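S.K.: Would you mind keeping the following structure in view while I ask a few things?
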Amino acid sequence: MRFGPTVSVLLLTSVFAIVTPLRGGLFVTVPLLILAAYDLLQRRHTLWRNYPLLAHIRWIMEDLRPYARAYFVEGDLEGRPFNHDQRSLVYARAKGQLDAHPFGTELDVYSNEYQWLAHSIVPNERAEIEWRVDVGGQQCARPYSASLLNISAMSFGSLSANAIMALNKGAAAGNFYHDTGEGGLSRYHRSHGGDLVWEIGSGYFGCRDDDGNFDPARFADTAQADQVKMVEIKLSQGAKPGHGGVLPGAKVTEEIAEARGVPVGKDCISPAAHSTFSTPTGLLEWAARLRDLSGGKPVGIKLCVGKPHEVFAIMKAMRETGIRLDYIVVDGAEGGTGAAPVEFSNRVGMPLREGLIIVRNALVGTGLKGEVKLAAAGMVHSGAGMAMNLGLGADWCNAARAMMFALGCVQSMKCHTDACPTGIATQDSTRQRGLVVGDKAERVARFQRHTLHSLREMVVAMGLDNPWQIEPCHISERLDSARASSIDDIYSFLEPNQLLDDPGSTPYAADWDAAQAANFGEATCRQN
């Protein structure tokens, strides 16, 4: 049965008039009649015009859909990007609650969703309680001792002031670092003295001149601050690799303008590419300059892997120039962001596992792995996930959305609307008010501490002395319901110097040949 516009209005107002007292009913029916009249006369929405009042239910359901789906519809293992079990694990550890799971795994251990680590009959209870990794080679005057789990890049502007302060206070309490994101080093990053990694993107926020070019003097002034422990050149991020961005002038407040070094109220542009370099050699020369300007602090790069020959070009440039990066962070395509074109999130960029293996092989195959440290980022949220990343070649891990969950994020998927209900991904002061910095900082530190404890328990169960002893052969996964294999049987893992000594024996021969230190070039796709 189809209700016409007039019938819809009469039906609804009649119901309200019947079920409410006359005078009280006027307070309900009169506003509804006004809204119905507006719906009938407006020309913007067809549904409102054809179904006044009733059509608003659709918009209400659209707003409620993420919550209804998460709390009433989805199974524990069905949610995306993070399912209910993954979020619950972070919440429990952040709150200091019991994080045990009863009655056995809910995973189908005979499906390809199941991966496992090889435990030992003789667990090693003598393993150290905590590990750290020294970042910075011989060309670095001020190396940094990093925790194995840190806060990944999230900018002020994408996150609220209270969220940034809570993250930094948590980092200070737990002795791990806080990556600023490319949006500049704000007053809120400095608020509690937590270690900072200053990320420099193509917009050079916080170290740019009036024309948007890199400003060495401004960079040195900030980079030499004691709180800044490392510098990270952002080449790309997993959620939108190769994509620039524009922060509309209406959103460039005084605080954001101060952090980014841009005019208040003017559009703030992040170009797709850097203007300071265009070749592998140029990248390394600029990295060396940043290291000198910072007073000798570690300088690294962050990228989502796209074309393998470009990674090999950076390795060749390091070998030919003698300039070394201190570290490389690999961001997987599954990484998060405040907002990205859906085509980029869904179809551009290499997932973390494949990207991590390629960069690991590039470093090992050129004999650089001992000098250049390797970090992994992309949906890191558990000790088991960390163990697998370290088994694939990472030296440490960074987490972003897991840290947001520790702050209280409910995955409402409203990061880009400025209407985050938990006060994390918003600049709305009334929404930020609900995020109490001291309380959430404790949760961040607690989550990080318990996750590292979980990693240690994995190492103990595997009978190892430290997590860097985890090898690809210790990690297995199902190919189908009848077959399983260890990761080193599925992917190739190169031996030290193999790319230098015998590149033809590797799966990367064509990419290695195409790689040049002088330019990023273009590899020719193999023809069948």
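S.K.: If each of F277 and E343 carries a label point 7 Å out from its Cα toward its Cβ, how far apart are those two points in nm?
M.R.: Each label point is offset 7 Å from its Cα along the Cβ direction, giving 3.0 nm.
S.K.: Would you mind putting 291-302, 483-494 in packing order, based on average other-beta-carbon counts within 10 Å, highest first?
M.R.: 291-302, 483-494
S.K.: Tell me which residues come under 5 Å, amide H to amide H, from S270 once H is placed; ignore anything under 5 positions away on its chain.
M.R.: Long-range HN contacts for S270: G245, V246, L247.
S.K.: Rounded to the nearest 500 deg cm²/dmol, what is the calculated helix-only ellipticity per residue at 222 nm for the chain, with -39500 (n - 2.57) per DSSP H run of length n ≥ 4?
M.R.: Computed ellipticity for the chain at 222 nm equals -11500 deg cm²/dmol.
S.K.: Once the Cβ-Cβ distance between Q224 and Y114 is put in as r, and R0 is 51 Å, what FRET efficiency do you end up with, to the nearest 0.05?
M.R.: Efficiency, from the Cβ-Cβ distance: 0.55.
S.K.: Taking a 31 Å limit on the Cα-Cα distance, which of the listed pairs K95/K307; K229/K440; K307/K369; K251/K297; K240/K373; K307/K440 fall beyond it?
M.R.: Violating the 31 Å limit, Cα to Cα: K95/K307; K251/K297; K307/K440.
S.K.: Percent relative contact order of segment 302-371, based on C-alpha pairs within less than 8 angstrom and at least six residues apart?
M.R.: Contact order relative to length: 41 percent.
S.K.: Is the shape of segment 261-366 rounded, prolate or oblate, going by the alpha carbon gyration tensor and its root eigenvalues a ≥ b ≥ c, with a/c under 1.5 for rounded and a/b larger than b/c for prolate?
M.R.: Oblate shape, in that a/c is at least 1.5 and b/c is the bigger or equal ratio.
S.K.: Expressed as a rounded percentage, what relative contact order does the chain have, with Cα pairs under 8 Å and six or more residues apart?
M.R.: Relative contact order comes out at 19 percent.
S.K.: In square angstrom, what is the accessible area per residue of the chain with a 1.4 angstrom probe?
M.R.: With all protein chains present, the chain gives 47 Å² per residue.
S.K.: Which order do peptides 423-430, 54-61, 241-248 fall in by mean Cβ count within 10 Å, highest first?
M.R.: Highest to lowest by the protection proxy: 423-430, 241-248, 54-61.
S.K.: How much of the accessible area of the chain, in percent, comes from carbon and sulfur atoms when a 1.4 Å probe is used?
M.R.: Roughly 53 percent, rounded to a whole number.
S.K.: Give a quick list of trypsin sites (Lys or Arg not before Pro) in segment 182-274 that DSSP marks as loop, anything other than H, G, I, E or B, with at most 14 other Cβ atoms within 10 Å.
M.R.: Listed in order of number, the matching sites are R187, K266.
S.K.: Charges on Cβ only, +1 for Lys and Arg, -1 for Asp and Glu, centred on the Cα centroid of the chain; of P123, F72, S382, which one is farthest towards the dipole's positive end?
M.R.: F72
S.K.: For Q97 and L500, compute 0.36 nm times the residue count separating them, minus their Cα-Cα distance, and round to one decimal in nm.
M.R.: Extending this stretch completely gives an extra 140.0 nm.
S.K.: Taking a cut-off of 30 Å, what percent of all Cα-Cα pairs in the chain are separated by more than that?
M.R.: 54 percent
S.K.: On to the next question. List the trypsin sites (Lys or Arg not before Pro) within segment 92-148 that DSSP assigns to loop and that have no more than 10 neighbouring Cβ atoms inside 10 Å.
M.R.: R126
The values are calculated or read from the model by the stated rules, or taken from the named source; none is laboratory data. Quick caveat, the model's predicted, so the values are computed rather than measured. Every residue, glycine as well, gets a Cβ built from its backbone with ideal geometry; the counts of neighbours run over all protein chains shown. Quick note on the areas: whole protein, heavy atoms, side chains included, nothing else; ligands and nucleic acids left out. Shrake-Rupley method; radii C 1.70, N 1.55, O 1.52, S 1.80 Å.
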